[in-house]
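Asker: One structure coming up, written as structure tokens, with questions to follow.
Every number here is computed from the coordinates shown, using simple stated rules; none is lab data. Note that the structure is a prediction, hence the values are computed from the model and not measured. Using ideal geometry, Cβ is built from the backbone for each residue, glycine included, and neighbour counts are taken over all protein chains shown.
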Amino acid sequence: MTATDLFETMRTMRAMRRLKPDPVPDELIRQILEAGLCAPNGGNFQKWRFLVLKDQAVKQAVQVLYKRAYDETIGPRYATAVPPPGVSPERYARQHAAVEYLTEHYHEAPVWIVACLEDGANPSRVAGASIYPAVQNMLLAARALGLGSTLTTRHALYAAEADAAMGLPAGVHSYAILPIGYPMGKFGPVGRTALNEVVFAEKWGVPYV
Ligand SMILES: Cc1cc2nc3c(=O)[nH]c(=O)nc-3n(C[C@H](O)[C@H](O)[C@H](O)COP(=O)(O)O)c2cc1C
């Protein structure tokens, strides 16, 4: 792979929320997981744990919570929110529709990778820094293999119930669920704000050029 491939992969790794139910070969899931295990993590203690889930009943039990969180919190927020920086109202409306779609079809993604940490009873503020790099590696790997996914954390609005539904033991918590499948749509450029609006040079507020 060339550096150009990597940059292109990052630029076009949109959240892919519409997925086909077609099965994903285990070999590809293994490649994604191997990419995850390459990630940096605090002290290299590798307290990460990953649950590969295909069981429809378990996924559905979590989807019920995911949808409840949408109905109670996320949906109403979308209904009144203004589009984020760098995103047109049309694009934001498309995102909302895709978020709704994923909410209804979450459990139909053929494979989930649940990214967890053995983080103990009182995880620190930076605990997630030892799992989200692995999550990003896995998203990039999925993209490189032509598979779609989205970093999702909404289930955490019902964290205890969701972790119990997935059978996580005490002292282990889920930090993200990656629903993975072949995308229905096409990968394409992500929409983000301009660099000089969020990067400062030397002094806070002085745009970086
Ligand atoms: C911490 C975090 C949590 C997220 N949780 C969800 C989620 O639960 N459901 C969802 O559909 N997207 C979720 N997303 C995806 C974001 O909505 C997405 O990255 C953002 O809208 C940008 O989309 P784009 O990469 O397609 O441009 C999450 C992203 C992050 C970083």
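Asker: Somewhere in the stretch 155-165, is a residue within 11 Å of the ligand (Cβ to nearest atom), among the aromatic types (Phe, Trp, Tyr), in contact (Cβ under 8 Å) with a residue 60 or more places away in the chain and on the phi < 0 side of the Ramachandran plot? Reasoning before the result, please.
Answerer: Filtering the stretch 155-165 for residues within 11 Å of the ligand (Cβ to nearest atom) gives 155-157.
Among the residues that remain, those that are also among the aromatic types (Phe, Trp, Tyr) are: none.
For the stretch 155-165, residues within 11 Å of the ligand (Cβ to nearest atom), among the aromatic types (Phe, Trp, Tyr), in contact (Cβ under 8 Å) with a residue 60 or more places away in the chain and on the phi < 0 side of the Ramachandran plot: absent.
Asker: Further, regarding this structure: Determine if the stretch 115-128 includes at least one residue that is out of contact with any His (no Cβ under 8 Å at 6 or more places or on another chain), in a strand (DSSP E or B) and in contact (Cβ under 8 Å) with a residue 60 or more places away in the chain. Reasoning before the result, please.
Answerer: In the first step, residues of the stretch 115-128 are kept if they are out of contact with any His (no Cβ under 8 Å at 6 or more places or on another chain); the result is 115, 118, 120-122, 124-128.
Narrowing further to those that are in a strand (DSSP E or B): 115.
Checking which are in contact (Cβ under 8 Å) with a residue 60 or more places away in the chain leaves us with 115.
Scanning the stretch 115-128 turns up at least one residue that is out of contact with any His (no Cβ under 8 Å at 6 or more places or on another chain), in a strand (DSSP E or B) and in contact (Cβ under 8 Å) with a residue 60 or more places away in the chain.
Asker: Scan the stretch 22-40 for residues that are within 18 Å of the chain's Cα centre (by Cα) and either among the acidic types (Asp, Glu) or over 27 Å from His107 (Cβ atoms) (or both) and report the count.
Answerer: Total satisfying the criteria: 3.
Asker: Another question about this same structure. Of the residues Val111, Val99, Val190, Val126, which single one is under 17 Å from the mean Cα position of the chain (by Cα), of a type in the set (A, V, I, L, M, F, W, C) and over 23 Å from Gly75 (Cα atoms)? Write out each step before concluding.
Answerer: On the way: Val99 fails: over 23 Å from Gly75 (Cα atoms); Val190 fails: over 23 Å from Gly75 (Cα atoms); Val126 fails: under 17 Å from the mean Cα position of the chain (by Cα).
After applying the criteria, what remains is Val111.
Asker: Of the residues that sit in the stretch 10-27 and are surrounded by 13 or more Cβ atoms within 10 Å (Cβ to Cβ) and touching a helix residue (DSSP H, G or I) at 6+ places or on another chain (Cβ under 8 Å), which one is farthest from Leu102 (Cα to Cα)? Can you show your working first?
Answerer: Step one: filter the stretch 10-27 for residues surrounded by 13 or more Cβ atoms within 10 Å (Cβ to Cβ), giving 10-20, 24.
Going one step further and asking which of them are touching a helix residue (DSSP H, G or I) at 6+ places or on another chain (Cβ under 8 Å), we end up with 10, 12-13, 15, 17-19.
Numbers: Met10: 22, Thr12: 19, Met13: 17, Ala15: 11, Arg17: 5, Arg18: 6, Leu19: 9 Å.
Looking at residues that are surrounded by 13 or more Cβ atoms within 10 Å (Cβ to Cβ) and touching a helix residue (DSSP H, G or I) at 6+ places or on another chain (Cβ under 8 Å), I get Met10.
Asker: Say we look at the stretch 150-190 and pick out the residues that are in contact with a Pro (Cβ under 8 Å, 6 or more places away or on another chain) and within 15 Å of Tyr66 (Cβ to Cβ); which of these is surrounded by the fewest Cβ atoms within 10 Å (Cβ to Cβ)? Explain how you work it out, then say what you get.
Answerer: Initial filter on the stretch 150-190 (in contact with a Pro (Cβ under 8 Å, 6 or more places away or on another chain)): 150, 152, 173, 180-181.
Within this subset, residues satisfying the condition of being within 15 Å of Tyr66 (Cβ to Cβ) are 150, 152.
Details: Thr150: 21, Thr152: 19.
Once the filter is applied, the top-ranked residue is Thr152.
Asker: While we're here: Hey, can you tell me all the residues within the stretch 133-149 that are buried (at least 18 other Cβ atoms within 10 Å of the Cβ) and within 10 Å of the chain's Cα centre (by Cα)?
Answerer: If the condition is that a residue be buried (at least 18 other Cβ atoms within 10 Å of the Cβ) and within 10 Å of the chain's Cα centre (by Cα), then Val135, Met138, Leu139, Ser149 are the ones that fit.
Asker: Still on this structure: Collect the residues in the stretch 166-209 that are outside any helix (DSSP H, G or I), within 16 Å of the ligand (Cβ to nearest atom) and β-branched (Val, Ile, Thr), keeping them in residue-number order. Break it down stepwise before answering.
Answerer: The first filter runs over the stretch 166-209 and keeps only residues outside any helix (DSSP H, G or I), leaving 166-194, 199-209.
Right, trim to within 16 Å of the ligand (Cβ to nearest atom) and you get 166, 173-181, 183-194.
Answer for the stretch 166-209, where residues must be outside any helix (DSSP H, G or I), within 16 Å of the ligand (Cβ to nearest atom) and β-branched (Val, Ile, Thr): Ile177, Ile180, Val190, Thr193.
Asker: What number of residues within the stretch 69-124 satisfy the criterion of being charged (D, E, K, R), closer than 24 Å to Gly148 by Cβ, more than 13 Å from the ligand (Cβ to nearest atom) and surrounded by 13 or more Cβ atoms within 10 Å (Cβ to Cβ)?
Answerer: 1
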